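Heads up, the thing below is written out as structure tokens.
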Amino acid sequence: MSRVIENRGSVEMPAVNGLVIKTCGIMTAEHAVAAAEGGAHMIGMIFARSRRNVSIETAQSIRAALDALPSRPLLVGVFVNEMHNTIRSTAEAVRLDIVQLSGDETPSEVADCADHFPVLKALRFPAGTSFESALDEFKSYRLLVPGERLRFVVDTYHPGEYGGTGRLADWGIAAELARREEIMLAGGLTPDNVVQAAREVAPWGVDVSSGIERDGQKDHELIEAFIANARHARTH
């Protein structure tokens with residue numbers, strides 16, 4: 001996979017022989033290192049209103065712990081409807097590699113962010129959304145940000161929520177979209193269903209948060225199990 005290049009403008013999305021694995025909602029250096037050593041390609045930290053929110057200081061400590069490893073995953077900062085200046089200052093303070101926009105950001109707002117950082121844009125489709133409508137939404141962003149600076153995360157739609165709900169996304173529409181774009185699948189993934197998800201959707205990547213938690217806290221065993229199963233899925 002692509003590893004970190006210190007010039008942030010040169011960082012690209014990871015290219016791996018199979019499935020990209022992202023563990024999200026990481027709040028401690030201990031859990032970040034466990035995910036990295038297990039084989040995660042991306043570590044996600046949340047800078048939006050959430051029970052999984054981290055401060056800049058905590059994020060910097062996570063970054064330092066990952067920097068001490070022989071090689072490290074790409075560090076992703078997750079934002080929801082945040083001001084561009086705040087995103088940029090946070091990203092620079094923590095030295096994020098990728099910015100994930102998980103709110104209602106417009107194509108032009110995503111394009112502005114992609115001028116400075118590679119972007120993961122989360123999109124959610126209500127029940128009954130047609131493939132054509134979903135594809136049109138993809139195209140509205142892709143017109144302004146072609147190429148490797150932008151990838152899409154297909155997450156679960158739930159009114160008023162912006163991720164981390166533990167509910168399954170619509171795998172049917174995700175599978176159709178995955179034939180057109182390299183997408184990351186999120187929403188309700190667990191160690192028990194990630195292999196099935198990978199086979200049915202064939203995504204570029206998988207994104208897990210609540211599925212590696214026990215009693216609301218990240219759990220080492222679940223982190224290791226999810227990554228191991230996802231790595232197995234990408235080779236079969």
Seminar exercise, completed: Among Leu96, Leu69, the single one that is surrounded by 15 or more Cβ atoms within 10 Å (Cβ to Cβ) and of a type outside the set (Asp, Glu) is Leu96
Exercise. Considering only residues of the range 211-236 that are among the polar types (S, T, N, Q) and not in a helix (DSSP H, G or I), which is least open to solvent (accessible area, probe 1.4 Å)?
Worked result: Thr235
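Could you tell me which residue of the range 72-93 is farthest from Asp115 (Cα to Cα), considering only residues that are among the small types (Gly, Ala, Ser) and open to solvent by 30 Å² or more (accessible area, probe 1.4 Å)?
Ala93
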Exercise. Going through the range 115-142 one residue at a time, which ones are β-branched (Val, Ile, Thr), modelled with pLDDT of 95 or more and surrounded by fewer than 22 Cβ atoms within 10 Å (Cβ to Cβ)?
Worked result: none
Seminar exercise, completed: Reported set for the range 109-149 where residues are farther than 22 Å from Phe79 by Cα and among the aromatic types (Phe, Trp, Tyr) is Phe131
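Hey, can you tell me all the residues within the range 32-46 that are open to solvent by less than 50 Å² (accessible area, probe 1.4 Å) and outside any strand (DSSP E or B)?
Scanning the range 32-46 gives Ala32, Val33, Ala34, Ala35, Ala36, Gly38, Gly39, Ala40, His41.
Output the number of residues of the range 47-60 satisfying the condition of being open to solvent by less than 20 Å² (accessible area, probe 1.4 Å), within 23 Å of Val20 (Cα to Cα) and outside any helix (DSSP H, G or I).
1
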Problem set entry | Failed criterion for Val145 (all others in (1) in a loop (DSSP other than H, G, I, E, B); (2) open to solvent by 60 Å² or more (accessible area, probe 1.4 Å) hold) | (2)
Problem set entry | Options Val208, Val153, Val194; residue that is open to solvent by less than 40 Å² (accessible area, probe 1.4 Å), modelled with pLDDT of 95 or more and out of contact with any helix residue (DSSP H, G or I) (no Cβ under 6 Å at 6 or more places or on another chain) | Val153
Seminar exercise, completed: Considering residues that are surrounded by fewer than 17 Cβ atoms within 10 Å (Cβ to Cβ) and at pLDDT 95 or above, the number found within the range 1-28 is 1
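The values are calculated or read from the model by the stated rules, or taken from the named source; none is laboratory data. All values derive from a computational prediction rather than experimental measurement. Neighbour counts are summed over all protein chains in view; Cβ atoms, including those assigned to glycine, are modelled from backbone coordinates with ideal geometry. Please note that ligands, DNA and RNA were not included when accessible areas were found on the heavy atoms of the full protein model with its side chains. Shrake-Rupley method; radii C 1.70, N 1.55, O 1.52, S 1.80 Å.
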